[in-house]
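Shown next, in structure tokens, is the structure this report addresses.
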Amino acid sequence: MAPFTVTSKQTNPFEGQKPGTSGLRKKVTVFQQPNYLHNFVQSTFYALSVDRVHGATLVVSGDGRYFSKEAIQIIIKMAAGNHVRRVWVAQNGLLSTPAVSAVIRERVGHDGAKATGSFILTASHNAGGPTEDFGIKYNMENGGPAPESVTNQIFIHTTTIKEYFIAEDLPEVDISKIGVTSFTGPRGQFDVEVFDSTTDYIKLMKSIFDFELIKKLLTSPKFSFCYDALHGVAGGYAHKIFVEELGADESSLLNCVPKEDFGGGHPDPNLTYAKELVARMGLGKSPASDPPEFGAAADGDADRNMILGKRFFVTPSDSVAIIAANAVEAIPYFASGLKGVARSMPTSAALDVVAKALGLKFFEVPTGWKFFGNLMDAGLCSICGEESFGTGSDHIREKDGIWAVLAWLSILAFKNKDRLQGDEKLISVEEIVQNHWSIYGRHYYTRYDYENVESAGANELMNSLVKLQYDLGELNVLIRKIKPEVSFVIKADEFEYKDPVDGSISSKQGIRFIFNDGSRLIYRLSGTGSAGATIRVYIEQYEKDPTKTGRDAQEALSPLVDVAISMSKMEQFTGRTAPTVIT
């Protein structure tokens, strides 16, 4: 075993190292500044209790984006310098965010060790490359993101840090080869174990879903399938699960080779950025003539998903509602029933209607997966989702893109199990969604994203909206002038959430305008970008009449969209005449 020594290095604080709900995200060039990454990692060690650091087992991996390999070596050396006992690294540093959570919760090391936390290297759905984004976040022993009590302490330490500890003379570990490398330091042995990134995750998926039933669907000549990893980390899992385990043809996989720059694309699974899949599924400007029956896409770290049918888009809000409505009969893991369901506040109320009809506990939480994690740890929630293409369950404490795809394939396989033979037509994705609308009604829904807006203008816009809430009578007069056919506002507020588990209060989580007919307008500033601000506008209208659920969403929502843009004075405050992305 090679020996190493621990040294203390002097450093100075950096501004702007406050982690948000998704960790710290900045441009690669920012992370490449001397000591920038070191400061954040050391501040995290300071923020954690001693028992979570000294003698601990940490997972260090991510989506493989540019700068990941260098970052992994730095964190290994700092872990050794802070008396961590062992570090687990997925082969080539590639481990999806859902798989990180699964590894923390499920994996047992060669020596019987269990992980106590993880540094995840990802900027999620943001672009990668030398001039693009990098990110880091810390997940706890439950497999979920660090709570605010920890992230607040991390930030405080980044403002006062004066030194960090590192084993500079520790040789770099070859993370391309599976195996254990052992070293000897001042406090004894330190191990780095490189492990297969897919084994533990696939084992977990097999315990949740009926793989044999799904395989019958995927190998049926009547069914066709396409999965787009957008050159993110999901590619390796897609090949192992869909091709090797479930028998899909390799040609079903699209952009499934992980790349540091995601092939120059934007690894965000929506109708704007997943252009190749969208076209193959018969949508977009140049649609294919004979689309597959089912399509799906993932983001950079594989925690988000987009679901498509033949020439048909399933909104994330509808997706989680439909999974919840069908889970007990179609997914073995839920055969004994659901504990409850939850959605983020901006997500449409489609899940609310399902919960009410099925007599399930229901929770509306702020954006951020940690709020779902609290409910799951308390045994209150089985299935949850966000409108931002995030869906998941209590099998882990992160959203899980491949889980969502397998959930949809399970529903399709269950509903078509008696149709795979013979001439009877398969029930399609579109038919499943339309049947859901006929039972529960339809929540017409769209989201307008205005990305990289000047922060000052974005804040002025949000402050202006708060002022509109002071006098609903005056606001409704304004709305009548913009579009007289739109209903009137009966409630306006800034969403505040009191966690039923720990009693913590989260304030200013989004500005809401709720209309008499159940429609909603919601405005939020998103913290998932690395530069400027992103304004998200959520527009929702509920329709219970089955004869009116088949309209084009943008057409149905057009009057409400006009009201949302006009009353916010979007162009005046931001200079934008159109959104960057519409979903």
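The values are calculated or read from the model by the stated rules, or taken from the named source; none is laboratory data. Treat the numbers as computed from the prediction; the structure is a model and nothing was measured. Here Cβ is always computed from backbone atoms with ideal geometry, including for glycine, and neighbour counts include all displayed protein chains. We work out accessible area using only protein heavy atoms, side chains counted, and drop any ligands, DNA or RNA first. Shrake-Rupley method; radii C 1.70, N 1.55, O 1.52, S 1.80 Å.
For the subset of the stretch 41-70 comprising residues that are hydrophobic (A, V, I, L, M, F, W, C) and closer than 21 Å to Gly129 by Cα, which member is nearest to the chain's Cα centre (by Cα)? Walk me through it before giving the result.
Our first condition is that a residue be hydrophobic (A, V, I, L, M, F, W, C); within the stretch 41-70, this holds for 41, 45, 47-48, 50, 53, 56, 58-60, 67.
So of that shortlist, the ones also closer than 21 Å to Gly129 by Cα come out as 60, 67.
On the way: Val60: 19, Phe67: 21 Å.
Step by step, filter the stretch 41-70, then rank; the result is Val60.
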Exercise. Look at the stretch 372-393 and say how many of its residues are among the β-branched types (Val, Ile, Thr) and farther than 14 Å from Lys339 by Cβ.
Key: 1
Exercise. Please verify whether the stretch 531-542 includes one or more residues that are open to solvent by less than 70 Å² (accessible area, probe 1.4 Å) and either free of Cβ contacts under 8 Å to residues at least 60 places away in the same chain or not in a strand (DSSP E or B) (or both).
Key: yes
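Identify, please: which residue in the stretch 3-29 is within 27 Å of the chain's Cα centre (by Cα) and farther than 13 Å from Asn126 by Cβ and is, among those, surrounded by the most Cβ atoms within 10 Å (Cβ to Cβ)? Explain how you work it out, then say what you get.
Step one: filter the stretch 3-29 for residues within 27 Å of the chain's Cα centre (by Cα), giving 15-29.
Within this subset, residues satisfying the condition of being farther than 13 Å from Asn126 by Cβ are 15-19, 21, 29.
Numbers: Glu15: 7, Gly16: 9, Gln17: 19, Lys18: 14, Pro19: 26, Thr21: 19, Thr29: 13.
Once the filter is applied, the top-ranked residue is Pro19.
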Quiz prompt | The lone exception for Ala146 - which of (1) modelled with pLDDT of 95 or more; (2) under 21 Å from Pro98 (Cα atoms); (3) touching a helix residue (DSSP H, G or I) at 6+ places or on another chain (Cβ under 9 Å) it fails | solution = (1)
Quiz item: Can you tell me which residues in the stretch 147-179 are open to solvent by 10 Å² or more (accessible area, probe 1.4 Å), farther than 18 Å from Lys69 by Cβ and outside any helix (DSSP H, G or I)?
Solution: Pro147, Lys162, Glu163, Tyr164, Phe165, Asp169
Self-check item: Scope the stretch 433-457; condition more than 24 Å from the chain's Cα centre (by Cα), part of a helix (DSSP H, G or I) and either at positive phi or buried (at least 18 other Cβ atoms within 10 Å of the Cβ) (or both); matching residues
Solution: His436, Trp437, Tyr440, Gly457
Quiz item: Has the stretch 337-347 got any residue that is surrounded by 21 or more Cβ atoms within 10 Å (Cβ to Cβ), of a type in the set (Gly, Ala, Ser) and modelled with pLDDT of 95 or more?
Solution: yes
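Those residues that are in contact with a strand residue (DSSP E or B) (Cβ under 9 Å, 6 or more places away or on another chain), in a loop (DSSP other than H, G, I, E, B) and farther than 17 Å from His231 by Cβ, I need them from the stretch 109-130; list them, please.
The initial filter retains those residues of the stretch 109-130 that are in contact with a strand residue (DSSP E or B) (Cβ under 9 Å, 6 or more places away or on another chain), namely 109-111, 113-128.
So of that shortlist, the ones also in a loop (DSSP other than H, G, I, E, B) come out as 109-111, 113-116, 122-128.
Correct list: Gly109, His110, Asp111, Ala113, Lys114, Ala115, Thr116.
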Self-check item: First in the stretch 454-481 and of a type in the set (S, T, N, Q), second anywhere and open to solvent by 80 Å² or more (accessible area, probe 1.4 Å), Cβ under 6 Å, 6 or more apart
Solution: Asn476/Phe488
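Checking the conditions here, which among Asp228, Asp210, Asp200 is of a type in the set (Asp, Glu), closer than 29 Å to Trp408 by Cβ and either surrounded by 23 or more Cβ atoms within 10 Å (Cβ to Cβ) or in contact with a Leu (Cβ under 9 Å, 6 or more places away or on another chain) (or both)?
Just a single option satisfies the conditions, and that option is Asp228.
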Quiz prompt | Pair list, Cβ < 8 Å and 6+ apart or interchain, from the stretch 77-103 residues that are among the aliphatic types (A, V, I, L, M) and at pLDDT 95 or above to residues that are open to solvent by 40 Å² or more (accessible area, probe 1.4 Å) and not in a helix (DSSP H, G or I) | solution = Met78/Phe165; Ala80/Val6; Val84/His54; Val84/Gly55; Ala90/Asp196; Leu94/Pro258
Self-check item: Close pairs from the stretch 234-246: first open to solvent by 10 Å² or more (accessible area, probe 1.4 Å), partner of a type in the set (Val, Ile, Thr), Cβ under 7 Å, at least 6 apart
Solution: Gly236/Thr198; Lys240/Thr198; Lys240/Ile202; Glu245/Ile202
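Look through the stretch 79-102, keep the residues that are assigned to a strand (DSSP E or B) and aliphatic (A, V, I, L, M), and return whichever of them is most open to solvent (accessible area, probe 1.4 Å).
To start, the set of residues in the stretch 79-102 that are assigned to a strand (DSSP E or B) comprises 86-90, 94.
Narrowing further to those that are aliphatic (A, V, I, L, M): 87, 89-90, 94.
On the way: Val87: 1, Val89: 0, Ala90: 0, Leu94: 45 Å².
Taking the candidates together, the pick is Leu94.
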Exercise. Would you tally the residues in the stretch 293-329 being open to solvent by 10 Å² or more (accessible area, probe 1.4 Å) and among the hydrophobic types (A, V, I, L, M, F, W, C)?
Key: 4
Practice problem: Six or more apart or on different chains, Cβ under 6 Å: which pairs go from a residue in the stretch 285-300 that's within 17 Å of Asn255 (Cβ to Cβ) and in contact (Cβ under 8 Å) with a residue 40 or more places away in the chain to one that's outside any loop (DSSP other than H, G, I, E, B) and of a type in the set (Ser, Thr, Tyr)? Could you list them? | Solution: Ala296/Tyr227
Quiz item: Only one of (1) open to solvent by 20 Å² or more (accessible area, probe 1.4 Å); (2) not hydrophobic (A, V, I, L, M, F, W, C); (3) not in a helix (DSSP H, G or I) fails for Asp562. Which number is that?
Solution: (3)
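What number of residues within the stretch 360-381 satisfy the criterion of being in a loop (DSSP other than H, G, I, E, B) and more than 17 Å from the chain's Cα centre (by Cα)?
Qualifying residue count for the region: 6.
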Quiz prompt | Tally, over the stretch 42-70, of residues that are in a helix (DSSP H, G or I), crowded, with 24+ Cβ neighbours inside 10 Å and β-branched (Val, Ile, Thr) | solution = 1
Quiz prompt | Given (1) among the hydroxyl-bearing types (Ser, Thr, Tyr); (2) over 18 Å from the mean Cα position of the chain (by Cα); (3) under 25 Å from Ser124 (Cα atoms), index of the condition Tyr227 fails | solution = (2)
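Among the residues of the stretch 342-371, write down those that are within 14 Å of Ser382 (Cβ to Cβ) and out of contact with any Cys (no Cβ under 6 Å at 6 or more places or on another chain). Talk me through it step by step, then tell me what you get.
In the first step, residues of the stretch 342-371 are kept if they are within 14 Å of Ser382 (Cβ to Cβ); the result is 342-343, 351, 354-355, 358-363.
Passing the criteria: Arg343, Leu351, Val354, Ala355, Leu358, Gly359, Leu360, Lys361, Phe362, Phe363.
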Quiz item: All but one of (1) small (Gly, Ala, Ser); (2) within 20 Å of the chain's Cα centre (by Cα); (3) at pLDDT 95 or above hold for Ser530; which doesn't?
Solution: (3)
